[in-house]
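Okay, structure first, notes after.
A short reminder: the numbers here are calculations on the coordinates, not readings from a lab. Predicted model, so just to flag it, every value in this text is computed and none were measured. Every residue, glycine among them, receives a Cβ derived from its backbone with ideal geometry; neighbour counts consider all protein chains shown.
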Amino acid sequence: MRGRQRGWAGARTGLLAAVCLSAVLAGCAAPAGPKPAPAVDGNANAAPVAEIAGQGPDHAGAPPVAPPRLPGVAGKEEENGGEATAHQEEAARRWGLERPPLKAPPRPTTRVELTQGQGVKLADGRPPVVYRVPTEDKVVFLTVDDGDEKDPEFSRMAQELGIPLSTYVSDYLVRENYGYFRDLHAQGVEINNHTINHRNLKVLDYETQHEEICNQQDQLEQQIGVRPRLFRPPYGEYNDDTLRAAASCGVQAVPLWNEEAFPDHMEWRYDDQKFHPGDIILTHFRGVDIWNASMPDLLRKVVDDATAQGFALARLDDYL
Ligand SMILES: [Zn+2]
């Protein structure tokens with residue numbers, strides 16, 4: 001949307017989004033190199049990302065709220081790599097994928113139980129901070145942040161391919177067009193909290209953080225009809241006040257990320273440059289003005305990479 005004349009609000013949006021972009025480019029992306037450092041630079045609270053081999057889903061967690069299912073996902077009961085239907089083959093061809101996306105395994109009957117040190121940081125009375133969901137399922141989760149670019153082709157592509165998305169929207173970028181996100185929600189996309197103004201929460205006092213997070217909880221409940229369970233702090237920057245404030249208004253988990261996706265490449269946390277079961281992938285609602293590529297180009301890249309490595313994209317809310 002940037003580059004068009006939208007008056008003060010549009011200019012401000014563009015400026016702040018550019019600030020967000022540079023911050024993301026400067027540090028939010030997962031750096032390549034020796035790990036297990038988290039994807040978030042300068043975050044003293046960063047959780048170590050440990051190997052999670054052997055940690056399967058635990059069925060002692062809270063039962064998931066029945067979410068709307070994506071039409072393309074409903075009824076999938078096969079392992080990854082099951083036969084694609086003619087409809088899926090056709091959709092994959094139409095959107096230029098190398099192959100149809102792999103089918104996600106049946107969703108877990110309960111959400112996974114999180115334990116400290118499994119790419120997970122836990123503290124009493126705080127929502128867990130999660131870089132990677134402990135699961136043995138060959139699934140990864142695509143999360144899309146901010147909300148500046150509102151491309152109907154992107155939502156149509158995700159729906160026709162049955163690709164689950166978990167989005168984190170900032171009010172200042174979407175308040176003029178919540179309808180786009182209501183439509184996404186109606187097709188099964190999670191709409192989650194990314195604060196009102198996309199500020200670096202770590203430099204704010206508790207009360208201001210509370211306003212940034214909890215006012216967006218209220219706003220999303222009013223605009224979308226569902227109070228988010230998940231919250232992601234802008235730039236991945238947070239402190240204990242962030243988690244306390246989030247807990248006070250209903251946030252149940254804080255997903256961060258292990259990979260960041262761009263239309264032409266993936267930034268990997270691990271030197272092996274591979275997905276791992278339960279990896280959370282970050283990307284953004286951006287378009288040709290920043291990427292010189294479209295949201296469908298981005299989604300094509302992510303799905304093709306996941307498929308090539310034998311991973312299906314799954315619904316984060318089913319697991320976390
Ligand atoms: Zn953001």
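Name the residues in the range 128-158 that are of a type in the set (S, T, N, Q) and free of Cβ contacts under 8 Å to residues at least 40 places away in the same chain, would you?
Once the filter is applied, which keeps residues that are of a type in the set (S, T, N, Q) and free of Cβ contacts under 8 Å to residues at least 40 places away in the same chain, the range 128-158 yields only Ser155.
I'd like to check something: does the range 260-269 contain any residue that is among the small types (Gly, Ala, Ser), touching a residue at least 60 places away in the same chain (Cβ under 8 Å) and within 16 Å of the ligand (Cβ to nearest atom)?
yes
Looking at Val144 and the list (1) surrounded by fewer than 23 Cβ atoms within 10 Å (Cβ to Cβ); (2) in contact with a His (Cβ under 7 Å, 6 or more places away or on another chain); (3) hydrophobic (A, V, I, L, M, F, W, C), which single condition is not satisfied?
For Val144, the exception is condition (1).
Scan the range 167-212 residue by residue and report those that are among the β-branched types (Val, Ile, Thr) and part of a helix (DSSP H, G or I).
Val174, Val203, Thr208
Please state which one of Gly179, Gly188 is away from the ligand (no atom under 16 Å from the Cβ), out of contact with any strand residue (DSSP E or B) (no Cβ under 8 Å at 6 or more places or on another chain), at negative phi and not aliphatic (A, V, I, L, M).
Gly179
Which of the residues that make up the range 213-246 are touching a Pro at 6+ places or on another chain (Cβ under 9 Å), part of a helix (DSSP H, G or I) and not β-branched (Val, Ile, Thr)?
Result: Gln216, Gln217, Leu220, Glu221, Gly236, Leu243, Ala246.
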